[in-house]
Structure formats: structure tokens, C-alpha cells
Amino acid sequence: MTADLLIRGTIVTPDGPIRDGWLTIEGGTIGAIGTGEAPAAADVFDAGTALVMPGVIDGQTHAGSYGGLKGIGSTTRSAVAGGITTIVDMPYDNPAPLNDMATLEAKIAAVRQYAHANVALYATIMPGQSTDDVKALIDAGVVAFKISGFESSPTRFPRVPADLVLDLFEVLADTAVPLGIHNEDQEIVRSRIARARAAGRDGIEAHSESRPPAAELASTAHFLEIGAASGAHAHIVHLTSARGFQLVENYVRDGYRATGELCVHYLWFDPAEDGPELGAKMKVNPPIRPGQVEKLWQEVVAGRVAFVSSDHSSWPIDNKFTPSIFEAGAGVPGLETLLPAFFSGADQRGFNAVRLTAEQLSENPARFFGLWPQKGALVPGADADITIMTETPNVWDASSAHDELNWSPFDGREFSVKVTRTYVNGALAWDGTAVTNAGGDGAYVPRGDKHWFS
Ligand SMILES: [Zn+2]
């Protein structure tokens, strides 16, 4: 059989990179991988010495928090330009979150209409909602659930009380589906913000202080313990300090299903150094904290981080230009910077950037969300979701982004790699200068039957 496409380059497989290697694509999946004489193909792309990587799976994206479900269009255009072939989208859409079959079906329809990348979905439940919908949502393929310990919005992003968290964990305990938390304690944060306001402090350093480690770590520990009591998989969607990962590790050592996730901005920025330049442009929740960057890289290298995500938020920059830091929106765009920022940060520190990137941005999120082995690795039979990147110093210019937001805390930062091609389901989606596939070419990806904890 003649393959549809043969790609030559350094093929990054789970067993290591193959220099002067090749892979074939046949009908949207990977046919064969090898070196030396290659099979016949209808088309050939020679990437030279470039790295041919498994497509990135961004385990935390907020496509619809501002523009609603049609935000899937610009978000996934930006994804493929950033080498991301699958996004795992959070449930907190505008105006209402994904919390039942009707909202799931509407979102799947939007994926089929707008998505340039593949999309897997988180769901949530609302305060006062019964857990009756949970089983149906799982049967329909949602990959995880999320709740928040802090009310960002009463209707779109509410706080879920502890009794309902326990009920939800008990329903999930018989399944492999994780429950994630936005881990901040509401009483501590609200009172500290009021105190900072009263003292007239409203800069970026007041942001971190007003949401102190105590608020984040107490919420984390509380959630982990409810998860442990139920036997379900408890996941912390962003930890900002090494201490957080050590808390999770204690539960893993005791035999519980617990994981912690990191977002790439925590591996790059420090309010003490970058705060004066970036201000609200680096406002995320929980906050980026001083003195954590190198410690968090050590957590990644030690294997205590489940995976690294972008936590891309689709907020326009206007949302950041507010008189005080407390009114500014939290969250940053990040789909076109996740891969180059993670790879470059690992590379600059002398780590094995190719291996760490394949593990943290592809293999681990695929395993975590039940997408492995169909996604997450370049192996025969897997979906042909492929990212090609060239090692070349380049400065990120956020005005060139495809997210319709065109601002970034990474603007002007230097990266060591550039995404030159992205293939989604075997078809070219990004050619290095333009998005080449159409809305709807990305697919809705349900959870499969291989899991993080066996
Ligand atoms: Zn998030």
C-alpha cells in the first residue's frame, strides 16, 4: 500500500529520537516509522534536521470564558499555530458552564463547526445540582470534571461546597475519571483582598500577597483528603510552589490517586523580577509567586508534576487595563507559547528538553485524560497528530498570534525553537506561516479505556 505522506526528519518516539528517520501517514494514522530505505508515498515532506514530535496536548484551555462556544475557533487556530493538536477545554464557558447533557451536546456541536484542533472536554457540576447527570456525561466521553473552591463568578465559575465535592468524588470513585479543583480558599482570599485594598495596595505584588500560599495549600490539602476518603482520583489543576507538589506526593506515597499539574508561566515568571514590567499581564490565579521558578523546574525533573499545560484564557487585553490589580481579569493567552517556552526553559537549564517535552506536553496528558495510546506518541497505529519544530533562536511577537488576543506575558521573550508544521489527524493544519485547515477539521475526542492509575 502506498502511504499518503512520508515525513523525513528526527522522529521523536517514546524510545528516543531517530535521526535521519521517517514516518508514514496512512488514512489519518501513523503507518510505519523507520530509518534507511522508506516505503513509497504519494507525497513527501523532508523536514531535514527538524524535530518531528508527537502533537502537543494542552491539558488546560479556556476557549469559551469570554466569547462563548465560538471562541473554540480562534482558540484552536492559535493551538495549531503553536503545535498543539488537542486541547482539553475547561467547562467554564460564557454565559454558562458545561454541566449537563444539553450543554455537552451544544459544545460538541460547536467543536464540529469551529475546531481546527482536536478537543477533549471537562465538565462540572453547579452548587445545588444533583450528581445524576455525572454518569451520562462520562458515558458521553468527558475526560475529567472540575470544581472550584473559590467563586470567580456565581453563574459561570461558582464555588462548589465541600458536601457536594464529597458526593461527586463518591460517584467518580468507581471510575477512572479525575476530579480537578481550582485550589483557593475563599474566606482567606476575600479577607486578604479587602485588607490590601484598605491599605491602598493595588499592584501586582499585592495580588500574590492577597491570595497567599495558605489559601492555596489549605484548599489543596482539604480537597486531597476528601478525595482520599472517597478513593477517587483527585487532581490539583495548578500548583504554584514546590510545597504543593510535595503535598500531592504524600498522598501518592500513601496509595491514593492524587496528581498535580503545572502551567508553563509558573516556570518562567517571578513577580519580584517581572512584575514591574508586566503588571496585570502576569496576573493569574493562583498567583505566580516569588522565588519559585527553579524549584518548580526541579519538581518537573523529579517527576512529581503530572503534566504541564498553558491554562490559556481568552481575555482581551482591555480586561487588564484596570485602575487596580483586583479588577483586572485573571489569566493569560498561551497556546502559541506553551511548547516553545517549555522546550526553551528546559533546554536553557541543560535538561533533556526533547524527552521532557514529549513526556510533559504529549505522553503524560494523553495518559492522564484517557487518550493514550491513540494520542500522545509517535507510534504505528496512533492518530497522525504531529508537530514539527526547528531549533532556531527567535523572539516571540504576540502581535503575530492567531488567538485574536495578540498580547502575552511572553511578548519579547526569546525561545530556542519555532513550530514550522502541525498535522492534525494526518492533515496539514499549520505550515509555518498560516493555518491551513478548516473549522470542523478538529474532532471531539472522548475518553478511552486506558488510565493514569491502573
Ligand atoms: Zn485554568
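Amide H contacts for VAL332 (H built 1.01 Å from N in the peptide plane; partners 5 or more residues away or on another chain; cut-off under 5 Å): SER313. Ignoring the sites themselves, the chain has its longest run without chymotrypsin sites (Phe, Trp or Tyr not before Pro) in a DSSP loop having at most 13 other Cβ atoms within 10 Å at 1-320. Using the Karplus relation 6.51 cos²θ - 1.76 cosθ + 1.60 with θ = phi - 60°, the per-residue 3J(HN,Hα) values for the range 415-425 come to 10, 9, 9, 9, 7, 9, 8, 9, 10, 10, 6 Hz, with x marking Gly and Pro. Going by neighbour counts of Cβ atoms within 10 Å, the residues SER78, SER241, SER219 line up, fewest first, as SER241, SER219, SER78. The phi-based Karplus calculation (6.51 cos²θ - 1.76 cosθ + 1.60; θ = phi - 60°) puts the 3J(HN,Hα) values of the range 385-397 at 9, 9, 10, 10, 9, 9, 7, 7, x, 8, 9, 6, 10 Hz, whole numbers, x for Gly and Pro. Once the gyration tensor of the Cα atoms in the chain is diagonalised, the equivalent ellipsoid follows with semi-axes of 34, 25, 21 Å, ordered largest first. Of all stretches in the chain that contain no GluC sites (Glu not before Pro) in a DSSP loop with at most 12 other Cβ atoms within 10 Å, the longest one is 38-326. Going through the cross-link list LYS107/LYS450; LYS70/LYS135; LYS295/LYS320; LYS107/LYS283; LYS70/LYS146; LYS135/LYS418, which pairs have a Cα-Cα distance over 31 Å in this structure? Where the Cα-Cα span goes over 31 Å, the pairs concerned are LYS135/LYS418. Amide hydrogen proximity for GLY260: with H placed 1.01 Å from N in the peptide plane, the residues at 5 or more positions away or on another chain lying under 5 Å are ILE236, ALA306. Phi angles across the range 195-205 convert, under the Karplus curve 6.51 cos²θ - 1.76 cosθ + 1.60 with θ = phi - 60°, into 3J(HN,Hα) values of 5, 5, 4, 4, 7, x, 9, 8, x, 4, 5 Hz, Gly and Pro given as x.
Comparing Cα centroids, the range 288-305 and the range 141-199 end up 24 angstrom apart. Mean separation of Cα pairs under 8 Å and 6 or more residues apart, divided by the residue count, gives the chain a relative contact order of 21 percent.
For HIS182, nonlocal amide neighbours, meaning residues 5 or more places apart or on other chains whose placed amide H falls under 5 Å from its own, are ILE147, SER148, GLY149.
Values in this text are rule-based calculations from the coordinates and carry no lab data. All figures in this text were calculated on a predicted structure; none of them were measured in a lab. Every residue, glycine among them, receives a Cβ derived from its backbone with ideal geometry; neighbour counts consider all protein chains shown.
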